[in-house]
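To start, the structure itself, in structure tokens.
The values are calculated or read from the model by the stated rules, or taken from the named source; none is laboratory data. In this text the structure is predicted, and so the values were computed from the model without any measurement. Here Cβ is always computed from backbone atoms with ideal geometry, including for glycine, and neighbour counts include all displayed protein chains.
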Amino acid sequence: MMKMSENPTVALIGPGAIGTTIAAALHEVGRTPTICGRTAHERLVLRDDSGSVVVPGPVRTDPAEIKNPFDLVFLAVKSTQVEAAAPWLSALCSAETVVCVLQNGVEQKALVAPYVSGGTVLPSVVWFPAQREPDSVWLRAKARLTLPDTPATGVVLAALRDTRCSVDVAEDFTSVAWRKLLQNAVAGLMVLTGRRSGMFTRTDITELSLAYLRECLAVARAEGATLGDEVAQEIVDKFHQSPADLGTSILADRQAGQPLEWDCRNGVVQRYGRVHGIPTPLSDLIVPLLAAASDGPG
């Protein structure tokens, strides 16, 4: 039976931009999580327009130091890093643990479930832009998550109550998750241009983005998402309204020479399109280019 508590024990894997935001939100209300990662840090720093929050460390780097499982684990690593996080998941999780995945994509449960010792994998949609800087993370909008309406969601609601991170619970989580995936998919065009959000104000990029989003929308609907025709324009309008220098995590990874989440953000549309017999001509061009930018050779 899932362990429910008003004050669940919390660990976090991956103190990057999203992970630091969640850690800071918990620390501000006296619920500092156990923080686990690849690199030792004495502290984490989150800043926004109102100031900064310092989360004391250390960031643990050895899974062998973990002696007991936790009620809730936030997994804030990219989809390309899940296998590397497996030793942490093994150490932190029991069959009663809820693992809330703070990650892009619509395949979170399938990707993470093999590593969680029988615990419950809870997908999420992350709606806030957090940007990694040399010594801190810059939170550029209010922190917000969307979670599915399941019993496991109660553990996350308890952990994040009264924090700067709001939580929406969606009965139709499939539609919410696919809408965010469409936003992430078109943001991948930034990798191919090396430009930030300002590029979407170009007429030619607007037209390309709308065509690509309509292709993605057809696949999303085949997968059970209830999304209207207006969604494509709404997503493009949001990019038009964003700061011109606003980036995306996949662009940051490209600039840093890191592997890209091209499959969970873009390849998934091409793959599911083939399953449903839906033509994806733009994906057939965009996906190989993103894959080559990520994995080479050359």
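Only one residue in T163, T150, T193 is out of contact with any Cys (no Cβ under 7 Å at 6 or more places or on another chain) and over 22 Å from D71 (Cα atoms). Which one?
Details: T163 fails: over 22 Å from D71 (Cα atoms); T150 fails: over 22 Å from D71 (Cα atoms).
Criteria check complete, one pass: T193.
Could you say which residue among L217, L210 is free of Cβ contacts under 8 Å to residues at least 40 places away in the same chain, crowded, with 20+ Cβ neighbours inside 10 Å and not charged (D, E, K, R)?
Working: L210 fails: crowded, with 20+ Cβ neighbours inside 10 Å.
It is L217.
Can you name the residue in the stretch 246-278 that is among the hydrophobic types (A, V, I, L, M, F, W, C) and either part of a helix (DSSP H, G or I) or assigned by TED's automatic domain parsing to the domain that holds W138 (or both) and is also surrounded by the fewest Cβ atoms within 10 Å (Cβ to Cβ) among such residues?
Among those that are among the hydrophobic types (A, V, I, L, M, F, W, C) and either part of a helix (DSSP H, G or I) or assigned by TED's automatic domain parsing to the domain that holds W138 (or both), it is V275.
Report, by residue number, each residue of the stretch 50-65 that is out of contact with any Asp or Glu (no Cβ under 7 Å at 6 or more places or on another chain), in a loop (DSSP other than H, G, I, E, B) and closer than 18 Å to L26 by Cβ.
S50, V59
Taking D149, is it surrounded by fewer than 16 Cβ atoms within 10 Å (Cβ to Cβ), of a type in the set (D, E, K, R) and out of contact with any strand residue (DSSP E or B) (no Cβ under 7 Å at 6 or more places or on another chain)?
On the way: surrounded by fewer than 16 Cβ atoms within 10 Å (Cβ to Cβ): yes; of a type in the set (D, E, K, R): yes; out of contact with any strand residue (DSSP E or B) (no Cβ under 7 Å at 6 or more places or on another chain): no.
No; evaluated as a whole, the condition is false for this residue.
Being touching a residue at least 40 places away in the same chain (Cβ under 8 Å), more than 26 Å from L217 (Cα to Cα) and among the charged types (D, E, K, R) is the requirement here; does R132 meet it?
Yes; evaluated as a whole, the condition is true for this residue.
Could you figure out which of (1) within 30 Å of C216 (Cβ to Cβ); (2) of a type outside the set (F, W, Y); (3) without any contact (Cβ under 8 Å) to a residue 12 or more places away in the chain isn't true of I18?
Status for I18: all satisfied but (3).
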